[in-house]
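We did not get these values from a lab; they are worked out from the coordinates using the rules stated. Not measured: the values here are computed from a predicted model. With ideal geometry, Cβ positions are generated from the backbone for all residues, glycine too; neighbour counts draw on all protein chains shown.
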């Protein structure tokens, strides 16, 4: 009962001193740029050459009619829809599979986590090679089967799943680690009680494990959504947005518009759209998560 | 899954599941093995065929060429400087703020916490253009500071540390207070040592993130001698493909990944343990 | 390569760097693509001993560093081709503006219109570069608003690189040894089918993966052959979704539909396929000539008998896509007079060695070089002499990179995603219109 | 030096008043135990003395100095926590000297004090261990040692023994008592365990709902509880509190009428016919065939030297008797209880004692 009462020692001076570094950096490198980005988006603002003209919301009007913009939004959403559930599910399955003691399981954990430490350049290189229809890892297999090698990265329907596959391989480590952590905290007695209750493996998973780790599940999903919305490197390096813009993502379009076409104002308007989109999705997730908690 | 004794058939299922997992893990590693194999083959051979997992004919020329280039080691150095300083700063900044949020009471605490959490929803990609113009105005591009500074205030880091510090028994702090410790001493001598697992986890993830960061270094570090490994590799993949050949590209990938893989193998046992203490609550 | 030899080179390279580091040289930064081949050419001091774009430009820089008498040192930064202009643009913000940079004539207006380049006429006069020696078209490329902004260095165009043995096998070699090439769309397809039947190989190899837009260059060539200007001279209008455009696009789609070309090839893949004797014609630029010639002669490649041909006039006049590499001096307030002097000296040195660059296969832009006996003696040059006259470039308008990229994406959709030519062209028209709208 | 004064000290969280106002003088060298049921505010009071809780109203003085605005670290108090609160990453030695280091005490002095404390608590073999390598009792000793080396004016103990098993608790109890004799320092000890309070305290402070119910030596409180709450809280087994009516009032004597029985008592004050509560310690009750109080046996507990009879009075009220007689009734038997030697407490309707005591408390 000791200490239960007060929320913390009242020490505003010390507290602000402790918070100062974070909020100073936060204000300069996150809050201010966010507002500056909005400011820039109200301009025809060129990257090089210093051309700036206030044009109000014209950039946003342009966005509204920009087919490629909507296409990239669609692609990005598609990518999120492909990766977030599969990533979460795969991470959970792997975590269940490698959770526990023993040397073998420790090695397996390392294997599945290891691919997370590679840089995006390496990951995309590896997967571009694996999936190449020309020199790819699967080419001998196709040849042996007498099938024309499938050109994954140039296939209109397979390109995005290919990028998702590479992303899955790259990114499953962190959510898996989070799940492993959560699994480690499920009280052992629960399993023992279930064992005595003759619960099947499936019902143990459904009735005990999943409810016990549902906060982690929510955390993983939110982190995944935030992360996958920002996809850039994989698409940029594996397909350059092709074929026919089927894999061009929003961030890629922002980058191209800003740094290739110098239209920084227009790119900033897109960045604001990305922000709003992600903000909305995160809120929705948290709201759903909270609702689930109340129920 | 459980230490409880299982029936015979359940044991069999366990073994089958484990077997499947092992098979999957082997599949998981194949691309990496293949890339390593290619990096050990002569380019002439690779022009003919990239198939096979045995590096024969064998060569280490691809690696020799890399070291000779001197740029790759330099990029590695930059990545290390950036990743290490970013990690250190994130840890300091996050734990200080996390401690204040977890254990101190002050005006506007809830509001500030919400403002901090809201930062989670601001994607870096949404602010990289204004950041780019800011650093341009300050003339600070192509410096380590430019690569590190925008990534230091990490809401998720503060959140993690706050959660962790909240779980530390309050009596420890009170005991320290009665032991004449100032808030800073409490933070430094009691809270920080206790949070080593959480710090390790946060540090590891920050390090990996910093090491793999792509978009920001791509636009901020435009001098070849200021590239990080990730950007540098991207820059030579195209160049190498034109001139040096596939083997060199693969060697550069393997070479650049080695330090972080080694680091990972050293620290991996902290990953899960640390997450368990930090985020699982 | 033997390790001992390699180590010796390594030691040498280290020694050289050491020496250079201690001298009080005026360093000028040199920004370019063309790849990084320090491993093979880092120590080659004579441009004449190097081959290929990358090798020759690397050796040229080495040679300048070794021979110049004003204490100038060129420090090269090689940028991946795909990111080159993004990086160059970024330098204006990030502060390492290069002293000399390569630039395509198609990109020049983007920079010159925003006053980002140093006008060079005075500098050229000072160091003695004779602008009258340039081919008029090249000089025009380097000039916007009557101001000279660049040293034109080449004219590069699309070519048909030919595997003569395979052509012979298919019966496409004339009595006089010249290559029989199609003269109409129908003939191209029928010849291609025949070739495929007789040799079992692809008739055409080319980059087909959206990264280089090789087929956009071919498509633009076909448009000009039909007398249509893809972009109007004022840069306001595009003529893409036209009957002519559809004809050209339909032919390109047919090439893939009939299996005459492999859709899976990226740029290096296409080159490799050609060198491995897997295709009769490689559609690629002038820059490959020297490389393929030496590969064929080395005996290491499957390709033994290499020839070059102009892109034929399949839709009429044999017009062909062309662009130009040029050297520019990006504007930099902080550049010292010494650095300017050194940069101009380097540009002059490059101009003096224009012939070396022409050895890559690019067409020279100096009349004196073109008229020289060495140039005439270069392999295959007579094969594609006509290309110089056929070469056609887009008008000097802004945002050509965006336009090219958009067209590449939408055109490639025909064989990568099965889009119909009319739809592909409609998409191209729309994307390009949207970009042109921004042009001022 | 070690004198602690509370002057009308109050504490509230927002609008919730936890401690309405407590005044108390604790003398130097005294061992004072705060006792009361959980939630009575005893820990809060202790933490207010320590400086770990803000004081809403009133004043706390330590050694004659008002300390309301003095930070915990500067009050010169040491505290032993319920959960020991040992720094897990520090060795026993480091744990014990941490406070002295913060004070900037000279190294030699630190070493000397550490040696002394370690010797007193027999901690020498464990000095280099981490807390997790110690047993519960050892940890508690370290926690106490940490307080000792500081040589504080006032020791505060916050339920320090509640996490130990019963045997260890008894042992530590005596150790702390010994320690108090040896150090002679002021000690304030919080517990909900009346046995600890009875055995250790110089004075006991009984708290209920943030108020002091009674302050006094253990015997005073046991023999002369000021009200039924104090009577009910101290003593084991618990005192029997049986409702009745006060009749036959004389000047000093009266009778309490229970359901089916009459018990003569001595009172001061009280009104004829008022509802009262009769307080009878279990050892006052004896078994006698002619005893005035009938009851039906529910449970019989044999504890060796004594036996406890749990029975029900005719009014349905439960009663406990502590017996030493060899013969025992069986469950379901109707017995008759008589009153032996010992105080018959009477509490009025408000629970206040109206018992008349002979002479001063022993």
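Would you mind calculating the relative contact order of chain A from Cα pairs under 8 angstrom and at least 6 residues apart, reporting the percent as a whole number? Write out the running numbers ahead of the final one.
Values: 309 pairs, mean separation 83.2, N = 295.
Once normalised by length, the contact order is 28 percent.
Mean separation of Cα pairs under 8 Å and 6+ residues apart, divided by the residue count of the range B:65-277: what relative contact order is that in percent?
RCO, the range B:65-277: 35 percent.
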State the Cα centre-to-centre distance between the range D:194-219 and the range A:153-187 in whole Å. 63
Order C:175-184, D:161-170, C:199-208 from most to least packed using the mean count of other Cβ atoms within 10 Å. C:199-208, D:161-170, C:175-184
Separation in nanometres of the label points that stand 7 Å from Cα toward Cβ, at residue A:39 and residue C:382: 6.8
Rounded to the nearest 0.05, what FRET efficiency do residue C:247 and residue B:92 have when you use their Cβ-Cβ distance and R0 = 60 Å? 0.35
DSSP bridge orientation in the range D:4-232 - percent antiparallel, rounded to nearest 5: 50
Give the peptides C:308-315, A:54-61, A:77-84 in descending order of average Cβ contacts within 10 Å, highest first. C:308-315, A:77-84, A:54-61
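Helix-derived [θ] at 222 nm for chain C: sum -39500 (n - 2.57) over DSSP H runs of at least 4, divide by residue count, nearest 500?
-14000 deg cm²/dmol
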For chain A: rounded, prolate or oblate by the Cα gyration tensor [a/c cutoff 1.5]: oblate
Need the C-alpha centroid separation for the range B:12-77 versus the range C:77-102, integer Å. 33
37 °C / 0.692 mPa s Stokes-Einstein diffusion coefficient of the protein assembly as shown, Kirkwood radius on C-alpha pairs, µm²/s: 87
Just how far, in whole angstrom, is the range A:76-119 from the range D:12-82 if you go by their alpha carbon centroids? 53
To the nearest whole number, what is the average tally of beta carbon atoms from other chains within 10 Å of the beta carbons of peptide B:48-61? 2
Evaluate peptide C:212-219: per residue, the Cβ atoms of other protein chains within 10 Å of its Cβ; return the mean as an integer. 0
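Determine, for A:105, C:236, the number of other Cβ atoms within 10 Å of each Cβ, and report the residues in order from fewest to most. Before the final figure, lay out each step's value.
Working: A:105 15, C:236 12.
With the fewest neighbours first, A:105, C:236 line up as C:236, A:105.
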Once both label points are put 7 Å beyond Cα along the C-beta direction, the residue A:201-residue B:12 separation in nm becomes 1.2
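Averaged across B:166-173, how many Cβ atoms of other chains sit within 10 Å of each residue's Cβ atom?
Whole-number average of other-chain Cβ neighbours for B:166-173 is 5.
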Residue list for the range D:30-69, given a label point 7 angstrom along the Cα-to-Cβ vector of residue D:8 and an amide N cut-off under 20 Å: D:45, D:48-49, D:54-62, D:64-69
State, as an integer percentage, the relative contact order of the range A:140-231 based on alpha-carbon contacts under 8 Å between residues 6 or more apart. 23
I need the shape label for chain C. Rule: rounded when a/c is under 1.5, else prolate if a/b > b/c, else oblate, with a, b, c from the alpha carbon gyration tensor. oblate
Within the protein assembly as shown, what percent of beta bridges assigned by DSSP are antiparallel, to the nearest 5? 70
For the range D:119-174, just say rounded, prolate or oblate: build the C-alpha gyration tensor, square-root its eigenvalues into a ≥ b ≥ c, call rounded for a/c under 1.5, and beyond that prolate if a/b exceeds b/c, oblate if not. oblate
Using a Förster distance of 22 Å, the FRET efficiency for residue C:146-residue C:234 (Cβ separation, nearest 0.05): 0.85
Rounded to the nearest 0.05, what FRET efficiency do residue A:93 and residue D:249 give with R0 = 51 Å and r taken as the Cβ-Cβ distance? Could you check? 0.05
Using the per-residue mean of other Cβ atoms lying within 10 Å as a proxy for protection, in what order, highest first, do the peptides D:243-251, A:135-143, B:169-177 fall? B:169-177, A:135-143, D:243-251
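What ranking do B:252, C:382 get, fewest neighbouring Cβ atoms within 10 angstrom at the top?
In increasing order of surrounding Cβ atoms, one gets C:382, B:252.
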Separation between the residue D:116 and residue A:53 pseudo-spin-labels, each 7 Å from Cα along Cα→Cβ, expressed in nm? 8.6
For a footprinting-style exposure proxy, rank C:81, A:45 by other Cβ within 10 Å, fewest first. C:81, A:45
